[in-house]
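Peer 1: Sending over a structure as structure tokens; questions will come in a sec.
The values are calculated or read from the model by the stated rules, or taken from the named source; none is laboratory data. Note that the structure is a prediction, hence the values are computed from the model and not measured. Because the Cβ atoms are built from the backbone with ideal geometry, glycine has one as well, and the counts that use them run over all protein chains shown. Note: accessible area is taken over every heavy atom of the protein model, side chains too, but ligands, DNA and RNA are not part of it. Shrake-Rupley method; radii C 1.70, N 1.55, O 1.52, S 1.80 Å.
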Amino acid sequence: MTTETSALSGVASLELDPFSDSFLTNPYPAHEEMREAGPVFWLERYELWGVARYSEVTQVLVDHETYVSSRGVGISDFAKEKPWRPPSLLLEADPPHHTKARHVVSQILTPKLLRTLKEGFQERADELVARVAARGGEIDGVADLAEAYPLEVFPDFIGLPKEGRENLLPYGSMVFNTFGPRNSHFERAMERGAKAQGWIMEQCQPGAPARDGLGAKIHAAAAEAGYGAEDQAKLLRSFLSAGVDTTVHGIGNALECLARNPEQFAALREDPALARAAFEETVRFSSPVQTFFRTTSRDTELSGMAIPEGSKVLMFLAAANRDPRQWERPDEFDIRRKAAGHVGFGFGVHACLGQMLARLEGECFLSALARHVDTIELAGEPVQQLNNTLRGLDSLPLRLTAA
């Protein structure tokens, strides 16, 4: 990785590849290089702009009129290339269309509704964690816990059938991989997600989800707002695209962080009320969503750098979440830290719509872990899952002792 200064623009030009295996495996040295290169830099390989400091990342996220989502939140520019699927009415749309679609979901997915879910979500987390801990021996923290819990509570909440839920993970992986270039991760994800895509589309159709689930409520509210059947399905599809993988990775990353930092798990055991803060710190420290793109709708300037209309801007959310300009001891995992303000769930009008649900699942799971597990330690090296957008684990060998 080398850094040069472009005589043409006065901006640092970096030759690193943020979608290479080496970068995705350990992005943190490159994150520091990008932050130190300047507030805005040029990624030579892909001919696009990048921002990795907290200040500039938040500026791009907040200014949705200049940095638009409707031209794609990945490397592909929808104004120049045909999307691989019909664009999301939420993720890949701008106001006023985005505002209307978001309102359909947000009027249902309220804090009041989530409060009614907490007792049931907590009971299921307690049952799962206690059962797995009682088994003793070595477990896979990903398959046995991080995947098992969201794949039970989230589909039930949506109103999805028991059979076929395993399709949610390859579909989500496919969606997030397509935000990057057409590399090996993109191609493998498309191959694995082909079957899953058909199941997802079936479940998104009006009348498919159970009547008492969120899916049916979204369809009803969308119909009332004037959306036809096709767009009703798109709205629910957007929710399913990001509703599982990110939470699975958040819980898996939390397990790894706690296993590597036993003093932090001891603090959580001593005070299970820190569960929400522990999940929040995990999202800051080991962000499940690492990057997102925006496209400039007009000529603009960011921190003194002129950026032309139609430019792709890659936001390194995970780098911003460890920016020493914003956080003290940013490379330390500290569950007592006030991590509010991190950009792990985005920011502004496009902030993650399901973040309240993810936080609820994360809090309930870590609270159960604190009460039912006495010790947690690595039983081997974790295996990183390489994804063009997400950071998470394929496997996490752990040893738990029951409390």
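Peer 1: Looking only at region 138-186, how many residues end up being farther than 20 Å from LEU393 by Cα and among the small types (Gly, Ala, Ser)?
Peer 2: Counting residues in region 138-186 that are farther than 20 Å from LEU393 by Cα and among the small types (Gly, Ala, Ser) gives 2.
Peer 1: Only one of these is surrounded by fewer than 16 Cβ atoms within 10 Å (Cβ to Cβ) and more than 14 Å from the chain's Cα centre (by Cα): ALA402, ALA351. Name it. Spell out how you get there, then give the answer.
Peer 2: Numbers: ALA351 fails: more than 14 Å from the chain's Cα centre (by Cα).
Unique residue meeting the criteria: ALA402.
Peer 1: Scanning for something more than 28 Å from GLU127 (Cβ to Cβ), open to solvent by 10 Å² or more (accessible area, probe 1.4 Å) and either without any contact (Cβ under 8 Å) to a residue 40 or more places away in the chain or among the hydroxyl-bearing types (Ser, Thr, Tyr) (or both), does region 385-394 turn up at least one residue?
Peer 2: First, pick out the residues of region 385-394 that are more than 28 Å from GLU127 (Cβ to Cβ): 386-389, 391.
The next check asks that each one be open to solvent by 10 Å² or more (accessible area, probe 1.4 Å); those that pass are 386, 391.
In the following step, the residues that additionally are either without any contact (Cβ under 8 Å) to a residue 40 or more places away in the chain or among the hydroxyl-bearing types (Ser, Thr, Tyr) (or both) were identified as none.
No: region 385-394 contains no residue that is more than 28 Å from GLU127 (Cβ to Cβ), open to solvent by 10 Å² or more (accessible area, probe 1.4 Å) and either without any contact (Cβ under 8 Å) to a residue 40 or more places away in the chain or among the hydroxyl-bearing types (Ser, Thr, Tyr) (or both).
Peer 1: Looking at LEU160, LEU169, which is the one that is out of contact with any strand residue (DSSP E or B) (no Cβ under 9 Å at 6 or more places or on another chain) and modelled with pLDDT of 95 or more?
Peer 2: Matching residue, one of LEU160, LEU169: LEU160.
Peer 1: Suppose we keep only residues that are among the polar types (S, T, N, Q) and under 18 Å from PRO308 (Cβ atoms) within region 41-69. Which one would you say is nearest to the chain's Cα centre (by Cα)?
Peer 2: Of everything passing the filter in region 41-69, GLN59 is nearest to the chain's Cα centre (by Cα).
Peer 1: Further question on the same structure: So which residues in region 137-173 are at positive phi and open to solvent by 30 Å² or more (accessible area, probe 1.4 Å), if there are any at all? Step through it out loud before you land on a result.
Peer 2: Filtering region 137-173 for residues at positive phi gives 137, 159, 164.
Scanning region 137-173 gives a single hit, GLY137.
Peer 1: May I ask you to list the residues in region 177-235 that are touching a helix residue (DSSP H, G or I) at 6+ places or on another chain (Cβ under 8 Å), open to solvent by less than 60 Å² (accessible area, probe 1.4 Å) and not in a helix (DSSP H, G or I)?
Peer 2: Selection gives THR178, GLY180, PRO206, ALA208, PRO209, ALA210, GLY213, ALA225, TYR227.
Peer 1: Please go through region 308-327 and pick out each residue that is surrounded by fewer than 23 Cβ atoms within 10 Å (Cβ to Cβ) and outside any loop (DSSP other than H, G, I, E, B). Spell out how you get there, then give the answer.
Peer 2: Filtering region 308-327 down to residues surrounded by fewer than 23 Cβ atoms within 10 Å (Cβ to Cβ) leaves 308-313, 323-327.
Residues satisfying the conditions are LYS312, VAL313.
Peer 1: Let me ask something additional. Scan region 210-226 residue by residue and report those that are of a type outside the set (A, V, I, L, M) and in contact (Cβ under 8 Å) with a residue 12 or more places away in the chain. Let's see the steps before the verdict.
Peer 2: Applying the first criterion (of a type outside the set (A, V, I, L, M)) to region 210-226 yields 211-213, 215, 217, 219, 224, 226.
If the condition is that a residue be of a type outside the set (A, V, I, L, M) and in contact (Cβ under 8 Å) with a residue 12 or more places away in the chain, then ARG211, ASP212, GLY213, GLY215, LYS217, HIS219 are the ones that fit.
Peer 1: Can I ask one more? Every residue in region 253-271 that is open to solvent by 40 Å² or more (accessible area, probe 1.4 Å) and either assigned to a helix (DSSP H, G or I) or within 14 Å of HIS342 (Cβ to Cβ) (or both), please.
Peer 2: Correct list: ARG260, PRO262, GLU263, ALA266, ARG269, GLU270.
Peer 1: Kindly indicate whether any position in region 288-305 is open to solvent by 30 Å² or more (accessible area, probe 1.4 Å), in a helix (DSSP H, G or I), in contact with a helix residue (DSSP H, G or I) (Cβ under 8 Å, 6 or more places away or on another chain) and at pLDDT 95 or above.
Peer 2: So far as region 288-305 goes, no, none of its residues is open to solvent by 30 Å² or more (accessible area, probe 1.4 Å), in a helix (DSSP H, G or I), in contact with a helix residue (DSSP H, G or I) (Cβ under 8 Å, 6 or more places away or on another chain) and at pLDDT 95 or above.
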